[in-house]
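Heads up: the structure comes next, in structure tokens.
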Amino acid sequence: MSGRRLQIGEHGEIAYRRTAEKWTASFYYRNNQGQRRRIEATASSKTAARREGLASLDRVMSSGGMGRYNERTTFGVVAEEWFQQIARLVEQGRRSPTTSVLYRRTLDLHVLPALGDLRLSELTVARLDHFLHEKHGADGYATAKVCRSVCSGVCGYAVRREAMRFNPVRDVAPLEQGGREPARALTVDEVSRWLAILDGSEYARRKDLPDLVRFLLGTGCRVGEALGVRWEDVDLERRQVNIRRTVIRVPKQGLIGKRPKSRAGERLLGLPSWLAQLLSERRSVVSGDGPVFPDSAGGYRDRQNVERDFRAVRGGTEFEWVVPHTYRKTVATLMDRGGLTARTIADQLGHSRISMTQDVYMGRRAVDGSASLALEDLIRRRDLDEGPVLFPPLSESG
């Protein structure tokens with residue numbers, strides 16, 4: 001190979017010499033910076049010396065990327081640089097602040113204590129597989145899944161910097177979620193009984209839970225999305241609501257309204273007439289364009305506090321199983337029974353994918369009147385004094 005220039009990572013002819021009972025293999029190679037370097041390896045046999053030399057070359061080329069790293073660079077060093085990139089994306093509005101908070105906590109509590117001191121060349125598939133599956137057993141699927149995302153992100157960053165040849169997380173055995181009960185929807189009769197409990201609870205009324213539940217049942221919104229709706233987003237004349245933010249808590253910033261994670265999360269929804277009437281009644285006693293469901297000071301409400309309030313009301317009732325996702329499942333079930341397509345249901349709930357063709361080429365922002373029609377008879381008001389009257393518009397079977 002002496003007649004031509006070595007390629008990056010390529011080595012020249014291997015020379016051997018014997019001293020006493022040892023063999024030494026030596027050769028030149030070209031590193032990631034294009035520089036010519038020499039490797040020597042000594043072992044008990046000629047073959048073993050060659051093997052050690054080539055293994056040294058592999059380690060150097062795997063962890064010596066772009067001049068920033070070398071064979072002593074640790075996972076922790078690369079992880080911090082990767083996280084700074086995530087933080088910059090958050091500042092640019094290209095990642096959610098909650099993503100940054102979750103990744104930082106996962107790094108500090110789980111990933112760095114276990115992997116931070118390992119060199120990049122020591123991040124084998126076997127070591128990562130062992131770590132992630134032990135984490136799965138000790139802390140559960142959700143924690144292990146985030147740990148996997150963080151490890152994959154760091155290793156992918158190292159690959160892009162030519163500090164690793166491949167991302168070893170890709171070859172880790174899949175994490176099994178295990179048996180989990182499917183989400184359960186409320187029947188129309190259960191909706192009636194649950195709303196009666198909320199309406200009859202002084203605590204629930206004080207926390208504004210009855211109207212909030214009706215809004216969730218009339219739109220299929222996530223709780224954070226419902227808490228992010230401001231009066232400027234509501235068009236009572238057209239009976240529409242524009243879902244364009246969700247409420248999150250960010251360290252050192254407090255509660256903020258941010259855009260939903262996906263483009264599909266920003267959507268314009270039709271309102272059933274009973275929900276439009278409810279919102280009209282609320283609008284008549286407030287001014288300004290603040291949140292429709294504000295806290296006591298008129299600002300955003302914390303989703304965690306709202307879910308705690310729901311738990312307080314559910315305790316000791318037949319509805320202890322009801323969680324925020326239950327309302328979305330109820331809306332999806334009712335729309336499905338009404339014969340609406342999966343695409344229409346996905347648009348109502350703000351899901352991003354049914355298929356790539358539908359996501360890219362269908363009109364996602366148009367108001368689909370059939371969605372609000374399917375929810376029309378879930379709740380009706382005969383008289384303002386009598387309160388809500390419920391009746392099943394569809395068969396309870398199926």
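The values are calculated or read from the model by the stated rules, or taken from the named source; none is laboratory data. In this text, all values refer to a predicted model and were calculated from it rather than measured experimentally. Cβ coordinates were reconstructed from backbone atoms using ideal geometry, including for glycine residues, and neighbour counts include every protein chain displayed. Each accessible area value is taken on the protein alone, full model and side chains, heavy atoms only, with ligands, DNA and RNA left out. Shrake-Rupley method; radii C 1.70, N 1.55, O 1.52, S 1.80 Å.
A Stokes-Einstein calculation at 37 °C with viscosity 0.692 mPa s, built on the Kirkwood radius of the chain over Cα pairs, returns a diffusion coefficient of 129 µm²/s.
Heavy-atom accessible surface of the chain, averaged per residue, reaches 54 Å², computed with a 1.4 Å probe.
Which aspartates and glutamates, on any chain, are close to LYS207 with Cα under 15 Å apart, when same-chain ones fewer than 8 places away are left out? Qualifying aspartates and glutamates at Cα under 15 Å: ASP199, ASP295, ASP302, GLU307, ASP309.
TYR69 contributes about 20 Å² of solvent-accessible surface, heavy atoms of the protein only, 1.4 Å probe.
Packing order of peptides 315-323, 106-114, highest average first: 106-114, 315-323 (average count of other Cβ atoms within 10 Å over each peptide's residues).
Gain on full extension, evaluated as 0.36 nm per residue between GLU21 and ARG5 minus their Cα-Cα distance, stands at 2.3 nm. ALA43 sits among other residues whose Cβ lies under 14 Å from its own Cβ, and their net charge, with Lys and Arg +1 and Asp and Glu -1, is +3. Between the amide H of ALA163 and those of GLY65, distances stay under 5 Å, these residues lying 5 or more places away or on another chain, with hydrogens modeled in the peptide plane. Between ASN242 and ARG343, the modelled labels are 2.5 nm apart [label points 7 Å from Cα along Cα→Cβ]. Once the Cβ-Cβ distance of ARG283 and SER149 is raised to the sixth power relative to R0 = 51 Å, the FRET efficiency obtained is 0.75.
Surface composition of the chain: carbon and sulfur atoms hold 47% of the protein heavy-atom accessible area at a 1.4 Å probe. Projecting label points 7 angstrom from Cα along Cα→Cβ for ASP189 and ASP171 puts them 5.8 nm apart. Aspartates and glutamates near LYS135 by alpha-carbon distance under 15 Å, same-chain residues fewer than 8 away left out - which ones? By straight Cα distance, LYS135 reaches ASP108, GLU176.
Of the chymotrypsin sites (Phe, Trp or Tyr not before Pro) found in region 143-247, the ones in coil according to DSSP and having at most 16 other Cβ atoms within 10 Å of their Cβ are PHE166.
Please go through region 92-183 and write out the trypsin sites (Lys or Arg not before Pro) that DSSP classes as loop and that have at most 10 other C-beta atoms within 10 Å.
For trypsin sites (Lys or Arg not before Pro) across region 92-183 that sit outside H, G, I, E and B with at most 10 neighbouring Cβ atoms in 10 Å, the list reads ARG94, ARG180.
Averaging the Cα positions of each part gives two centres, and for region 145-210 and region 14-61 these lie 50 Å apart.
Working from label points 7 Å from Cα in the Cα-to-Cβ sense, the HIS133 to GLN85 distance is 2.9 nm.
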